[in-house]
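Asks: Let me give you the structure first, and then I'll get to my questions.
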Amino acid sequence: MNKLKIALQKSGRLSEKSINILEECGIKFPNGGGKLIAESPNFPIEILFLRDDDIPQYVEQGVADVGILGENVIIESRKNISIVEKLGFSSCRLSLAIPKEINYTGISFFNDKKIATSYPNILSDFFKKNNINATIEVISGSVEISTGIGLAEGICDIVSSGSTLFSNGLKEVEKVLTSQAVMVSSQNLNLDKKTILEKLLFRVRAVNKAKEHKYILLNAPNGKLEKIIKILPGMNSPTILPLANEGWSSLHSVIGEDKFWDIIDELKEAGAEGILVVPIEKMIL
Ligand code: PRT
Ligand code: ZN
């Protein structure tokens, strides 16, 4: 049987999380040794460790079948590959920034300005869409220092916390793109490889769904159950079990991580007691 070749970033911000997600999917592979190729002993997959910028081309050419990398790199590459799953980690944005003492007058500020970036394709599309006529200065790293050394009047770079911009005396003025790690696939997978990818995606979705939810257990007097159930947007109707203490029940359900604290407050007000919240490891719907 064919193996699915998956390209991961060799070393960088995505490496550890990419490996973690495969491990959470129960896929083992030998670690260490600085190897560039690793085979899993328990899943038909082969891992290629590459620089993230090379992954789009390798996937387009079919050297790798799938890959994990940031959307920013995929869009910049303009390669013909498909995003098959958003993975929810390494979120960031690509933004335009200018020296903080300069007055920003809106996007037309960038007309006739020189902007340094490692993302010339994305930036030129953005300027075209907004009818801006600017010069793009392509540099491959340390973009944040470009204005300080007189190379450019603004920059377009990846921002996460914003502290790099801040410490270089810059302010973020326009968001060009938001990005997160995604799984990409070649357009021409054979049937065997498609089947393996489906199996992998099934596991990845179960792992990520679980991260977005919590299992909640609580006790309540029977008279208050109806009100409490209305607060809980569970997957199905909640499980209700009688407690040894007459007139009381234990209620189990699943809630979304994003609504978690609001729901807890409402539950307490509605009379819930002994609330336990537990992480879910896998969630298969
Ligand atoms: O060696 P290789 O080419 O494989 O790696 P790389 O150096 O090109 O990429 P790497 O490992 O730095 O980043 C990989 C991916 O992580 C990026 O393509 C993004 O999709 C994503 N990501 C998430 C980030 C950041 N957050 C991030 N903060 N990539 C880069 N940064 C840098 C940014 O360039 C800037 O210098 O961090 C600085 C800004 O961070 P804050 O927190 O100070 O705003
Ligand atoms: Zn890179």
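The values are calculated or read from the model by the stated rules, or taken from the named source; none is laboratory data. Here the structure is a predicted model, which is why all the values come from computation and not from measurement. So basically every Cβ, Gly included, is an ideal-geometry build from the backbone, and we count neighbours across all protein chains shown.
Asks: Being closer than 22 Å to GLN61 by Cα and of a type in the set (Ser, Thr, Tyr) is the filter here; which residues of the stretch 16-45 pass it?
Replies: SER18
Asks: Taking only pairs six or more apart or across chains, which ones have beta-carbon atoms under 8 Å, a first residue in the stretch 256-285 that is over 15 Å from LYS227 (Cβ atoms), and a second residue that is assigned to a loop (DSSP other than H, G, I, E, B)?
Replies: So the pair list comes out as GLY256/GLU212; GLY256/PRO233; GLU257/GLU212; ASP258/GLU212; LYS259/PRO233; LEU285/MET235.
Asks: I would also like to ask the following. Being of a type in the set (Lys, Arg) and at pLDDT below 95 narrows it down to one of LYS86, LYS17, LYS28, LYS79, so name that one.
Replies: LYS28
Asks: Sticking with this one: If only one of TYR104, TYR119 is within 14 Å of ligand 1 (Cβ to nearest atom) and either in contact with a Lys or Arg (Cβ under 8 Å, 6 or more places away or on another chain) or within 19 Å of ARG78 (Cα to Cα) (or both), which one is it? Spell out the reasoning first.
Replies: On the way: TYR104 fails: within 14 Å of ligand 1 (Cβ to nearest atom).
That would be TYR119, the only listed residue that is within 14 Å of ligand 1 (Cβ to nearest atom) and either in contact with a Lys or Arg (Cβ under 8 Å, 6 or more places away or on another chain) or within 19 Å of ARG78 (Cα to Cα) (or both).
Asks: So, one more: Do you know which residues across the stretch 57-80 are within 16 Å of ligand 2 (Cβ to nearest atom), in contact (Cβ under 8 Å) with a residue 60 or more places away in the chain and over 17 Å from the mean Cα position of the chain (by Cα)?
Replies: VAL59, ALA64
Asks: Restricted to the stretch 32-53, and to residues that are within 30 Å of GLY141 (Cβ to Cβ) and out of contact with any strand residue (DSSP E or B) (no Cβ under 8 Å at 6 or more places or on another chain), which residue is nearest to ligand 2 (Cβ to nearest atom)?
Replies: Across the stretch 32-53, the extreme among qualifying residues is ASP53.
Asks: Checking the conditions here, which among ASN2, ASN80 is surrounded by fewer than 13 Cβ atoms within 10 Å (Cβ to Cβ), more than 13 Å from ligand 1 (Cβ to nearest atom) and either closer than 23 Å to VAL138 by Cβ or polar (S, T, N, Q) (or both)?
Replies: Answer to the selection: ASN80.
Asks: Now for a separate question. Can you tell me how many residues within the stretch 37-69 are within 13 Å of ligand 1 (Cβ to nearest atom), closer than 16 Å to ILE19 by Cβ and either of a type in the set (A, V, I, L, M) or surrounded by 19 or more Cβ atoms within 10 Å (Cβ to Cβ) (or both)?
Replies: Count: 7.
Asks: Consider the stretch 29-56. How many of its residues are touching a residue at least 60 places away in the same chain (Cβ under 8 Å) and in a strand (DSSP E or B)?
Replies: Counting residues in the stretch 29-56 that are touching a residue at least 60 places away in the same chain (Cβ under 8 Å) and in a strand (DSSP E or B) gives 1.
Asks: Filtering the stretch 16-28 down to residues that are over 17 Å from LEU197 (Cα atoms) and without any contact (Cβ under 8 Å) to a residue 24 or more places away in the chain, which residue is farthest from ligand 1 (Cβ to nearest atom)?
Replies: Restricting to residues being over 17 Å from LEU197 (Cα atoms) and without any contact (Cβ under 8 Å) to a residue 24 or more places away in the chain, the top hit is ASN20.
Asks: Have a look at ILE139, ILE107, ILE145, ILE149 and point out the one that is surrounded by fewer than 21 Cβ atoms within 10 Å (Cβ to Cβ) and within 16 Å of ligand 2 (Cβ to nearest atom).
Replies: Details: ILE107 fails: within 16 Å of ligand 2 (Cβ to nearest atom); ILE145 fails: within 16 Å of ligand 2 (Cβ to nearest atom); ILE149 fails: within 16 Å of ligand 2 (Cβ to nearest atom).
Unique residue meeting the criteria: ILE139.
Asks: Any idea which residue in the stretch 156-176 is surrounded by the fewest Cβ atoms within 10 Å (Cβ to Cβ), counting only those that are closer than 21 Å to ASN121 by Cα and more than 10 Å from ligand 1 (Cβ to nearest atom)?
Replies: Selected residue: LYS175.
Asks: If you don't mind, there's one more thing I want to ask. Which of the strands (runs of 3 or more DSSP E) found entirely inside the stretch 79-144 contain at least 2 residues meeting this: in contact with a Gly (Cβ under 9 Å, 6 or more places away or on another chain) and not assigned by TED's automatic domain parsing to the domain that holds VAL204? Show your work before the answer.
Replies: On the way: elements: 82-86, 92-99, 114-117, 135-138.
Here the list reads 92-99, 114-117.
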